[in-house]
Every structure is written in structure tokens, then in C-alpha cells.
Amino acid sequence: MNKAKRAAVIAGNWKMNKTPAEAAALINEMKPLVKDADCKVVLCVPAIDIPAAVEAAKGSNIEIGAENVHFKESGAYTGEIAANMLVEAGVKYVVIGHSERRQYFGETDQTVNLRTLAAVKAGLTAIVCVGETLEQRELGYTETLLKFQTKMALTNVSASDLDKIIIAYEPVWAIGTGVTATAEQADEGNGYVREAIAEVYGKEVAETVTVQYGGSMNAKNADELVAKVNVDGGLIGGASLKAEDFSVIVKAASK
Ligand code: PGA
């Protein structure tokens, strides 16, 4: 295992929080706090906030991401947003297949794959979320499920495009619940993801892919989580809405 081969990425996932004006204010508050980061710093924001967020982040080390992308380039898909629209707006990253989208909006492993292909084709970096429910964990399916979701998401993604892929291991039972996976559970889950990538693309390539942990990562537990060999940063929900907490997580990943 060689962490030096891959970039640590701390990405906030604001979910359905913050108006455009609030987004700009929070980014302005964060900028000085994260300016010395030795990791990538990304904020994935609601679509309507993107122009204000891109403007506020200009000239700083914060990059802006979206929370979803459609898989077609254009067409009769009311309410959806295409990858090239995000690119033109200054977006660099996009969260795909978050468990909330899988749970509430009919996202499947197939649509996650299609969105991932569309994102990569447009030059975006896809932050693809995978994760087991508590029931699946208790049944002993964690490894099988994480490997399946990872391989499905990456179907037809070429090895040369893996530099535009981040996988976020997010145990569903740990998201927004305050229950964090232990550092060992996070490392193990991330390890399954990396193994799945190795099974398809080979071990050497798998060592270069950033695999984040997400699920109640916060200012208190970030140090221990990001210290794990397979944990290359995090996807942060609640704690990314507080400038001070987010900056502490960024600092943890910069060590
Ligand atoms: P949380 O969310 O940090 O609030 O648990 C993480 C996520 O959903 O990406």
C-alpha cells in the first residue's frame, strides 16, 4: 500500500442546504481557514448555488462540485442538468450515486454507471458513492456489495480515465446518524473498494485511485480515519456546513 501514489481529497457534500447568498458567505469564511491545505479541497453544492460558489471560490484552493449529473448530453429530461452545463459553470467534481439518491430518487447501479460515464467524458471528476446498509452488513454482505457496486459503477470506464474517478465508501448506517464507522471498519470497507478496482484494472492502477470515507466524519474523528492506509480523505456532510469543523478535517488530511 502506498498512500503517496494518490491524492487525499476532502469534499464537502452540502446536500439540500444553503441558498446562493449563504453559500458565498460560507465559502468566504472557509477560504482563509483552508488556504494552506496539503490536500484537495472540494465543496459539492446544490445546483442553484453553483454560480455563486464558483465566484466566491475564485482565486482560492477550493474547487466546486455538483451533487448529481444526468447521463444524456441534452434532451427532454425536465429538471435535469447535463455534464457540459456543469463544466461551463466552472464545476470540476460531481457526486454520483449518493445513498440518499439511491434511497429517495430511484438511483440504481446502472444509472450510477451511466452518470459516471457522462461525467468522465465531459472531464469532470466523479465522486462515486458506494455503501452497505446495516442489514446488509449484519447479513455479512459488506464485501460482496461494495465490490459489486464499485464494479458496476466503473463498467466501461477505461483505465486511463480512472484519474477522474474517486470512490467514496459511505456505510449507509453512518450517514447523518452521528454513528461513525470505526477507523478499522472504514479502512476495511475502503480496502474492499480498492480490491474491486484491482480485480478489474490490476493492483498497480488500484493503488493510484483515491478512495474516500464518508459518514459522520467530523472534526473529532477525522485524524484517526484519514490516518488509515486505505482512507484517502473524506466526503463530509454535516461537518462541511461549519467552516471551523471543515477546516479541522482539511488539516487532518494535510498531515
Ligand atoms: P454526514 O454525510 O457526514 O452528514 O454523515 C456524509 C454524506 O452523506 O456524504
Set LYS31/LYS121; LYS92/LYS147; LYS31/LYS242; LYS15/LYS255; LYS40/LYS255; LYS18/LYS255 screened for pairs whose C-alpha atoms are more than 23 Å apart: LYS31/LYS121; LYS92/LYS147; LYS15/LYS255; LYS18/LYS255
Report relative contact order for the chain in percent, whole number only (criteria: Cα-Cα under 8 Å, sequence separation at least 6). 23
Taking the alpha-carbon centroid of each part, what is the distance from region 149-183 to region 196-245 in angstrom? 9
If each of ASP161 and ASN28 carries a label point 7 Å out from its Cα toward its Cβ, how far apart are those two points in nm? 3.9
Full-extension gain between GLU80 and PHE105, please, as 0.36 nm times their residue separation minus the C-alpha to C-alpha distance. 7.7 nm
If I stretch the segment between LYS3 and ALA21 completely, what's the gain in nm (0.36 nm per residue apart, minus their alpha carbon distance), one decimal? 2.7 nm
List the residue ranges in the chain for DSSP H helices whose C-alpha atoms run 20 angstrom or more along the long axis and whose Kyte-Doolittle average is 0.5 or above. 20-34
Placing +1 on the Cβ of each Lys and Arg and -1 on the Cβ of each Asp and Glu in the chain, which of LEU139, MET217, ALA119 has its Cα farthest towards the positive end of the resulting dipole? ALA119
Percent antiparallel among DSSP beta bridges (both partners in region 9-253, rounded to 5): 0
Listed by chain and number, the residues whose amide H is under 5 Å from that of CYS44, excluding neighbours fewer than 5 places away on the same chain and using placed H, are GLY12, ASN13, TRP14, GLY65
Please report PHE105, PHE246, PHE71 as a ranked list, fewest other C-beta atoms within 10 angstrom at the top and most at the bottom. PHE105, PHE71, PHE246
For GLY234, residues with placed amide H under 5 Å, excluding near neighbours: VAL9, ILE10, ALA11, TYR213
Residues GLU138, GLU80, sorted so that the one with the fewest Cβ neighbours within 10 Å comes first: GLU138, GLU80
Using a 10 Å cut-off around each Cβ, can you sort HIS70, HIS98 from fewest to most neighbouring Cβ atoms? HIS70, HIS98
Report the GluC sites (Glu not before Pro) located in region 167-255 that are in a DSSP loop and have at most 16 other Cβ atoms inside 10 Å of their Cβ, or state none. GLU207
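Taken together, the values in this text are just the output of simple stated rules run on the coordinates, not laboratory data. Keep in mind it's a predicted model, so treat the numbers as computed, not measured. Because the Cβ atoms are built from the backbone with ideal geometry, glycine has one as well, and the counts that use them run over all protein chains shown.
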